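The values are calculated or read from the model by the stated rules, or taken from the named source; none is laboratory data. In this text, all values refer to a predicted model and were calculated from it rather than measured experimentally. All Cβ positions, even for glycine, are placed from backbone atoms using ideal geometry, and neighbour counts span all protein chains on display. Areas reflect the complete protein model, heavy atoms only, side chains present, ligands, DNA and RNA absent. Shrake-Rupley method; radii C 1.70, N 1.55, O 1.52, S 1.80 Å.
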Amino acid sequence: MSEKVDTTIIEMSAVNKLEASLLSTGMIVPNISKADKVPSWDGEILLYKTKEDLSKGNLSGTIPVQVKGTMVERFEKKKAVFQADVRDLRNYYNDNGAMFFLVQLKDFDTYKIYYASLLPFDLRRLLEEAENQKTKQITLEQFPHKYREGVVRAVSDFIINKNKRAQLLPNIRSLKELENSKMEIENLEFVVPRFGVTTEDEMFSEILARPLYVYAKPQNIEASFVVDKLRPEILFIHQPTPVVVNGEVLYSQVEEVRQQGKAKQLKIGNDITIHLNENKWTINYTFKGTLHEQIREMKMLLALTKGQKVRIGNRLFSNGSIEPNRHTLEDTEKRLSDLILVDSALKKLHIKKDLNFGSLSNHELVSLTHLVKGIIDGASVPFSIDGKTGAGTLSIGNIKVAISSKDHPSGKGFLISDFFDGQFVLAKEGDSPENGFAISPYLLMKSSSFIELDNADLSLVAESVIKCPFSEAYAEYSLYLVLELIRLFDNTGDRQALDVATKILNHLKKHDKKQEDLYRINQIQIEKRLRKLSKEEIKYLISLKASGIPIQYQLAANILLDSFQEAAIVYDQLSDAEKQFFDAFPIRTLWKQ
C-alpha cells in the first residue's frame, strides 16, 4: 500500500479483523473499543462454554486485551515482535495479566494476527529485564485466526492458566532454577485446552502448538507455583507396550515420539525407529546399541524381513515389506548368529555386564573375535602375557576379563581360558610343585579386583574356595580373602560379599579349631555391619578384654564394642610396625575417631 494511512484507521481495521475472527467461533464475544483512549487496555473478550447459551451463567471467563495494528510490506513467518510500553506491562501485571494482539496488514484484505498471553509469570520476567527502559520488546505467536477451534483453544488456554491462580516463587523463573533450589517437588504439571480435541493425535498436536506454563507443587504445601513457560519441540511418551516376535517378548515398552508437523514415530530400543503414517510405515535402524540390545533388534529385523509375526501392542506386522537396508537376508542372519556366539562366550566367562558392542573400535572387534574363538572353540589365539604364558587381563570396550594362557597344543599361538576356572598350586620358594598346596584363584584377589574384573563372579567364590584341600597355608590365604570381601562391602555396599565371607569363615571354623577366636571376631565384625550385636556377642567381646588375651584381639574387641577410648589406649601399646599392620585391616573403618 503506497498511500499513507492514518493510524486511527489502521487501529480500527486491526480491531475489526480480530473481532471477526473471535466472533466466527460463536463462543467468544469481543467488547473492544475502537480508537479508545483508555490507558493500557482496549477492552475485553468474553469466552462462553457453549455456542447455544451466551448468558452470564454460561460464561467461562473474561480477558483484558490490548490491540495494536501496523502496516507492513511483508509478514513475519511464525512469530512477531513489538516494543511494548513498560507502563502498560506494569499495569497488566497489577491486573493479573492480559492478552496482547498485533494485527499486521499488507492492505485491508491481507493480514495476519499475532498474540501474546501475558500472565504474571511472563510479565515479571519482562519487567525485570526492562529495568529502567521505557519500552520492552515482546514476542508474539501467530494467532490461528482462520481456525475456529484453534482460536477457542488459544483464548481458553489463557483463562485456564489465569484461573489456576498459581503463585510466583521469588527466586524461581525456570525449571533449571527450580532444580538448583533443591526444593522437594511432589509433582510437575501443565494444562492443555481440550476444546474440539477428539483424538490422541490432536491432543499431542495441541501440546506442541503453543508455549505451556509448567506448574510445581512442593511437598507438604497445598499450593501450586508457576515455574516456567516452554514450548516443547519434541515429545517422548513411554508406552508399556510389549513387542512380541515369534512369541518371544523382546521389549516391554516402546517410546512414542511426537513432533509438530511430522507423523508419529515408535522408537524401539536404541536403534530401531518406525515411522507411522496412516497405514504406511517405514523402519530405520542402526547398529549402535549394546550386545543384548542388538541381539533383540536383529531378531526383530530378521522376523520383519522374513514376514514372520511381529506384534507391537495391538498392531501386527507380518507382511515382510521391510527392505534390509544395505544388508541381505544372509547378512542379517549371519550377524545375529555372530552376536549370539559372542553372548555365549561372555556367559561362559560369567560376565553379566552388557557389552557396549556398538561403540567398539576395529581393534577391539578383532580382540573380541579372538576371545570368542578361544573360549568357545578352543582355537589358537595370539594372546599372551608379555609374550609368555600365564595370567593377565584383557579389556574390550566396557568389560575387563582375567584370562589364563598356555601354549596351544598345535604349537602355534596360545590356548586361553577363564582365569577363575580350576585351581592353582602354590609352593614355598625353592620347593617343587609337588610340595605345594592347591588354592582357588579367588584367594589371589584384592577387593579392587572384584570391582575391576567383570568375570570375577561372587556367586562362585565360596564353592571354589571350599572345595580346595584344607591346610594351614590355605587357611591363611582364605582369611585374607575374607578381609578383602569385607573391604569390598565397605567400598560398594554389596551384601553378597559379606554372605560369601561368612560361608568361608564357617568352613574355616569347621576345620581349624586353633584360631576359633580369630574367625569369630571377624564373623562379629561382619554382623556389626548389618545389625546391632546380640547380648551373647557383646558378652564374648567383653571376655576378650581380659589380661592374657592377645593385644590385637583386645583392640578388635574394644572397637566392636564402640569403646573407642579404651581402643586408643590399647592401640598405643602397639609398635609402629604393628600399628601399620593393624591399620590395613577393614575393622579399622569401624573405629570412629
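Under the condition of being surrounded by 14 or more Cβ atoms within 10 Å (Cβ to Cβ) and either in contact with a strand residue (DSSP E or B) (Cβ under 9 Å, 6 or more places away or on another chain) or over 23 Å from GLY422 (Cβ atoms) (or both), the residues counted in segment 453-469 number 6.
Just one of the listed residues (LEU250, LEU230) is at pLDDT 90 or above and among the aliphatic types (A, V, I, L, M), namely LEU250. Counting only strands (runs of 3 or more DSSP E) wholly contained in segment 224-281, the ones carrying 1 or more residues that are loosely packed, with under 14 Cβ neighbours inside 10 Å and free of Cβ contacts under 8 Å to residues at least 24 places away in the same chain occupy 234-239, 248-251, 272-277. Residues that are in contact (Cβ under 8 Å) with a residue 24 or more places away in the chain and of a type outside the set (D, E, K, R) were ranked within segment 569-593; the one that is farthest from ARG520 (Cα to Cα) is GLN593.
Going by the structure shown, is ASP499 among the acidic types (Asp, Glu) and over 24 Å from PRO550 (Cβ atoms)? In short, yes. Scanning segment 534-593 for residues that are open to solvent by less than 40 Å² (accessible area, probe 1.4 Å) and of a type in the set (Asp, Glu) returns a single hit, GLU537. Residues in segment 213-223 that are assigned to a loop (DSSP other than H, G, I, E, B) and surrounded by 12 or more Cβ atoms within 10 Å (Cβ to Cβ): ILE221 alone. Starting from residues that are open to solvent by 50 Å² or more (accessible area, probe 1.4 Å) and acidic (Asp, Glu), keep the ones in segment 1-35 and report whichever is modelled with the highest pLDDT. Result: GLU11. For ARG194, the test of being within 30 Å of LYS164 (Cα to Cα), of a type in the set (Lys, Arg) and out of contact with any Leu (no Cβ under 8 Å at 6 or more places or on another chain) is passed. Of all residues in segment 393-409, those satisfying the criterion of being open to solvent by 30 Å² or more (accessible area, probe 1.4 Å) and either assigned to a loop (DSSP other than H, G, I, E, B) or in contact with a Gly (Cβ under 9 Å, 6 or more places away or on another chain) (or both) are GLY397, ASN398, LYS406, ASP407, HIS408, PRO409. Taking the residues in segment 202-212 that are closer than 25 Å to THR50 by Cβ and surrounded by fewer than 18 Cβ atoms within 10 Å (Cβ to Cβ) as candidates, determine which candidate is farthest from the chain's Cα centre (by Cα). Across segment 202-212, the extreme among qualifying residues is GLU202.
Counting only residues that are under 18 Å from MET71 (Cα atoms), part of a loop (DSSP other than H, G, I, E, B) and either of a type in the set (D, E, K, R) or open to solvent by 50 Å² or more (accessible area, probe 1.4 Å) (or both), segment 100-152 holds 5 of them.
Of all residues in segment 149-165, those that are in contact (Cβ under 8 Å) with a residue 24 or more places away in the chain have Cβ atoms under 6 Å from Cβ atoms of residues that are aromatic (Phe, Trp, Tyr), 6 or more apart or on another chain, in VAL152/PHE195; ARG153/PHE195; SER156/PHE195; ASN161/TYR213. What residue, among those in segment 282-314 that are under 24 Å from GLU200 (Cβ atoms) and among the hydrophobic types (A, V, I, L, M, F, W, C), is surrounded by the fewest Cβ atoms within 10 Å (Cβ to Cβ)? The residue in question is ILE283.
Evaluation of LEU336 against the conditions (1) aliphatic (A, V, I, L, M); (2) over 17 Å from THR393 (Cβ atoms); (3) open to solvent by less than 70 Å² (accessible area, probe 1.4 Å); (4) modelled with pLDDT of 95 or more shows that the sole unmet condition is (4). Listed here are the strands (runs of 3 or more DSSP E) enclosed by segment 9-86 that have at least 1 residues being under 17 Å from ALA98 (Cβ atoms) and of a type in the set (Ser, Thr, Tyr): 59-71. Just to be sure, is MET12 farther than 23 Å from PHE195 by Cα and touching a strand residue (DSSP E or B) at 6+ places or on another chain (Cβ under 6 Å)? No, not satisfied. Of all residues in segment 155-199, exactly one satisfies the criterion of being within 15 Å of ASP122 (Cα to Cα), in contact with a Pro (Cβ under 8 Å, 6 or more places away or on another chain) and either open to solvent by 60 Å² or more (accessible area, probe 1.4 Å) or not in a strand (DSSP E or B) (or both), namely ASP157. For segment 366-392, filtered to residues that are open to solvent by 60 Å² or more (accessible area, probe 1.4 Å) and modelled with pLDDT of 90 or more, the residue that is farthest from ALA345 (Cα to Cα) is VAL366.
Each row is one residue, and each column tells you yes or no for (1) open to solvent by less than 20 Å² (accessible area, probe 1.4 Å); (2) closer than 17 Å to GLU141 by Cβ; (3) charged (D, E, K, R).
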position	(1), (2), (3)
ILE45	yes, yes, no
LYS49	no, no, yes
GLY61	yes, no, no
LYS68	no, yes, yes
VAL81	no, yes, no
LEU89	yes, no, no
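Listed by first and then second residue, the pairs with beta-carbon distance under 9 Å, at least 6 apart or on different chains, first residue in segment 199-223 and farther than 13 Å from ASP157 by Cβ, second in a helix (DSSP H, G or I) and open to solvent by 50 Å² or more (accessible area, probe 1.4 Å), are VAL214/LEU175; ALA216/LEU175. The residue of segment 309-333 that is modelled with the lowest pLDDT, among those that are aliphatic (A, V, I, L, M) and under 31 Å from the mean Cα position of the chain (by Cα), is LEU316.
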